[in-house]
Amino acid sequence: MSKRFSTLDTTRLLFEHPKILFRMIERMDRNEARYVRESDLVADVMDYSRSLGRADRERVRLALSTDNLFRTGLVIDIMKAEGERRLVFQDAVINLMRACNASLYQELTDARLRGHLVTLRDVCNRLELSSFSNADPDYTELRDDLNERISQLIGLLRQNVLRMQTISTQLAELSGDASRAPDKYLEFRQNLFEQIVTLYERHIKPTLVFLNPDTRLPDGSNLFETLEAMVRLLERQGDHSLADQLFCSSISLNALYKPIQAVAQEVEHFLRKTRRGMAQYNAMEHFYHKLRDLKGETETLSLRRKWLEGRDFARSTGFLVGLRAQPRAKHYAFGQSSSYYQLLFSELELRLNDLRRKAEVPMLQQVEGSGRHTRIDVERINRLYQWLETLELRPTGDLVRELHGRLDGFIPGYRLPDLLAALNRLVNSPPAGMRVATTNRFRVLAPETDDEQFVYRKRRLYAETTQPQDARHA
């Protein structure tokens with residue numbers, strides 16, 4: 001007696017070796033057929049199993065034989081036509097395999113979408129003649145049928161959105177020859193344009209029209225008008241549970257419009273690309289999918305594989321080498337402590353005071369060089385000293401940078417010698433109740449309006465009641 005596999009064992013083997021069925025589904029989609037030729041199935045199984053061990057090879061060939069697939073119910077029909085045998089698989093098996101591979105999702109056509117809409121209109125008409133009684137089996141069956149069709153439609157549209165969101169890969173495949181054959185670019189662009197227009201007109205645009213609540217159809221109501229009519233009817237009859245469920249489903253369907261609209265914009269943008277832009281686009285897609293493959297290796301049942309093994313990838317590309325040496329961009333965020341907000345409000349208050357005192361800002365005359373205009377230079381410093389006496393300061397860890405921020409933009413004609421004069425004044429005559437401590441830390445100040453830089457020792461301004469930090473650690 002030959003070895004037999006149960007339906008569970010056969011299904012388990014199909015998912016342990018999914019490439020066989022993936023190839024068959026791709027061939028079915030390419031030929032626009034609902035069946036698989038037996039000869040193609042046998043050839044794929046033999047070709048795939050050659051790389052397996054002896055025991056696994058025998059198990060795969062026996063489990064995926066035509067007799068075993070038909071006996072277990074995974075193949076529901078065997079047709080003979082044109083001198084060949086054709087196998088029809090269970091829709092549930094095919095749909096489950098499509099769910100495991102986003103590239104196998106079928107784009108919804110206008111005919112399929114209108115078929116779903118016509119079915120929902122029929123359900124709405126039958127609902128108007130229903131008794132709305134839970135004791136009536138016709139009503140309960142109609143309600144279950146409605147829930148099933150809505151769930152099926154949402155599932156198909158979500159799969160379609162996921163399929164369309166991978167359209168970048170498809171565009172990269174269509175434009176793969178752009179960088180390799182520049183002399184035939186015009187002919188290539190024409191063929192590419194025809195293929196993408198077909199994709200847009202046959203799949204993307206019908207879905208956009210189907211999910212647009214403002215669409216006007218000549219033969220009746222659109223999807224959302226049909227759902228709203230059923231919601232109102234159920235609410236009038238007191239079935240609020242099903243009405244709320246349909247309302248939530250309409251919201252879910254409405255939310256699927258924006259992702260598909262983004263895909264349509266991506267297609268339109270791609271058609272405007274030049275040959276160089278297409279080559280750059282393909283390069284980014286190529287390396288992106290390499291990273292996706294590395295990430296997929298971490299999504300296994302092994303708990304040890306949780307980090308990307310990207311050393312070989314970084315060395316092969318070259319543009320990632322040295323990335324760790326680059327500092328991360330600093331982010332600005334509000335703190336959590338009360339001292340942070342006190343410091344923030346204190347700084348704001350000082351800036352507002354400077355704005356209020358802007359009328360008192362001294363008009364300092366420009367000095368072309370040191371020692372050439374002694375009277376003007378002395379008058380300039382005296383006016384600066386008088387303004388400093390009225391300047392309100394708070395404790396700070398860098399007095400030089402604080403003075404620069406307060407003087408720059410408020411003192412007309414401000415320059416670095418004015419900062420040195422103000423700093424010298426505060427070091428020798430600090431504000432009442434404060435002290436200045438000089439540290440051994442050096443800082444660089446580079447004004448935006450000047451080409452020169454100022455290297456200075458960091459100075460701290462602190463209240464006399466506060467002990468300054470050690471200069472070596474400040």
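In summary, Met97 fulfils each of the numbered conditions (1) assigned to a strand (DSSP E or B); (2) hydrophobic (A, V, I, L, M, F, W, C); (3) out of contact with any strand residue (DSSP E or B) (no Cβ under 7 Å at 6 or more places or on another chain) with the single exception of condition (1). Considering the conditions (1) surrounded by fewer than 13 Cβ atoms within 10 Å (Cβ to Cβ); (2) modelled with pLDDT of 75 or more, Leu153 is excluded by exactly one of them, (1).
Conditions (1) open to solvent by 50 Å² or more (accessible area, probe 1.4 Å); (2) more than 19 Å from Gly155 (Cβ to Cβ); (3) at pLDDT 85 or above; (4) in a helix (DSSP H, G or I), marked per residue:
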residue	(1), (2), (3), (4)
Arg202	yes, yes, no, yes
Lys205	yes, yes, no, yes
Thr226	no, no, yes, yes
Glu235	yes, yes, yes, yes
Ser249	no, no, yes, yes
Gln265	yes, yes, no, yes
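Here Ser103, Ser131 are screened, and the one residue that is open to solvent by 40 Å² or more (accessible area, probe 1.4 Å) and in contact (Cβ under 8 Å) with a residue 12 or more places away in the chain is Ser103. Each residue in the range 273-313 was checked for being farther than 18 Å from Thr166 by Cβ, among the polar types (S, T, N, Q) and modelled with pLDDT under 80, and 4 pass. Within the range 73-94, if we keep just the residues that are in contact (Cβ under 8 Å) with a residue 24 or more places away in the chain and assigned to a helix (DSSP H, G or I), the residue that is farthest from Arg23 (Cα to Cα) turns out to be Val93. Selection of first residues in the range 376-404 that are under 13 Å from Pro431 (Cβ atoms) and of second residues that are among the hydroxyl-bearing types (Ser, Thr, Tyr), restricted to Cβ pairs under 8 Å at least 6 apart or on distinct chains, gives the following pairs, ordered by first then second residue: Arg394/Ser346; Pro395/Tyr462; Pro395/Thr466; Glu402/Thr396.
Based on this model, can you work out whether Val118 counts as more than 31 Å from the chain's Cα centre (by Cα), of a type in the set (Val, Ile, Thr) and surrounded by fewer than 14 Cβ atoms within 10 Å (Cβ to Cβ)?
Numbers: more than 31 Å from the chain's Cα centre (by Cα): yes; of a type in the set (Val, Ile, Thr): yes; surrounded by fewer than 14 Cβ atoms within 10 Å (Cβ to Cβ): yes.
So Val118 fits the description; yes.
The values are calculated or read from the model by the stated rules, or taken from the named source; none is laboratory data. Just so it is clear, the structure is predicted and the values come from calculations on it, not from any experiment. All Cβ positions, even for glycine, are placed from backbone atoms using ideal geometry, and neighbour counts span all protein chains on display. All accessible areas refer to the heavy atoms of the entire protein, side chains included, with ligands and DNA or RNA removed. Shrake-Rupley method; radii C 1.70, N 1.55, O 1.52, S 1.80 Å.
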